[in-house]
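Working notes, structure below.
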């Protein structure tokens with residue numbers, strides 16, 4: 001990796017992280033309220049809402065530590081995560097964004113996700129540009 005040129009580093013954005021976590025929490029609460037209206041009454045409904053909120057707070061704590069411990073490095077040859085795993089730019093088949101994440105699918109099957117980026121479209125464009133430049137060099 002010493003002869004590779006670093007093009008970009010992708011790290012999670014705190015604002016995006018918390019907005020996505022709040023979105024999923026509200027979605028779960030809405031689904032719970034709809035279902036609980038038919039099966040729970042009075043105090044049970046509040047108990048179910050409390051359980052969902054507690055699970056979301058705990059899940060956010062765990063996900064926060066995991067998400068912000070990761071960083072992705074884009075070089076002129078490959079995309080590498082903080083554990084050293086990654087893929088060559090020529091192996092990338094598809095790149096798309098969803099809810100602040102960049103999803104990458106390789107030709108031989110594995111999928112990768114760069115989570116909670118402040119500007120996922122820009123990251124996707126940078127990866128696509130590096131892939132195109134690498135293809136031009138290899139040809």
message: Given the -39500 (n - 2.57) contribution per DSSP H run of 4+ residues, what per-residue ellipticity at 222 nm results for the chain, rounded to the nearest 500 deg cm²/dmol?
response: -17500 deg cm²/dmol
- request: Any chance you could give the angle, 0 to 90 degrees and rounded to 10, that helix 43-67 forms with the longest Cα principal axis of the chain?
  value: 20
- prompt: Sorted by average packing, counted as other Cβ atoms within 10 angstrom per residue and highest first, what order do 85-96, 111-122 take?
  reply: 111-122, 85-96
- line: The FRET efficiency for residue 81 and residue 5, from their Cβ-Cβ distance with R0 = 22 Å and rounded to 0.05, is 0.75
- prompt: Can you give the angle from 0 to 90° between the axis of helix 120-138 and the longest principal axis of the chain, with both taken from C-alpha atoms, to the nearest 10?
  reply: 30
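Can you bin the stretch 14-67 into rounded, prolate or oblate? Criterion: square roots of the alpha carbon gyration tensor eigenvalues sorted a ≥ b ≥ c, rounded for a/c under 1.5, prolate for a/b above b/c, oblate for the rest.
On the way: a/c = 4.06, a/b = 2.22, b/c = 1.83.
Verdict is prolate for the stretch 14-67.
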field: Sequence of 27, 7 once ranked by neighbouring C-beta atoms within 10 Å, starting from the fewest
entry: 27, 7
Principal-axis tilt of helix 14-39 within the chain, Cα atoms, nearest 10 degrees: 40
message: If I stretch the segment between residue 18 and residue 45 completely, what's the gain in nm (0.36 nm per residue apart, minus their alpha carbon distance), one decimal?
response: 7.2 nm
message: With Cα Rg over 2.2 N^0.38 Å as the read-out, I listed (1) 1.04; (2) 0.96; (3) 1.37; which label goes with the value calculated from this structure?
response: (3)
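Every read-out reported here was derived from the displayed coordinates using simple, explicitly stated rules and does not represent laboratory data. Worth saying up front: this structure is predicted, and the values here are computed from it rather than measured. In this analysis, Cβ positions are derived from the backbone assuming ideal geometry, glycine residues included, and neighbour counts consider all displayed protein chains.
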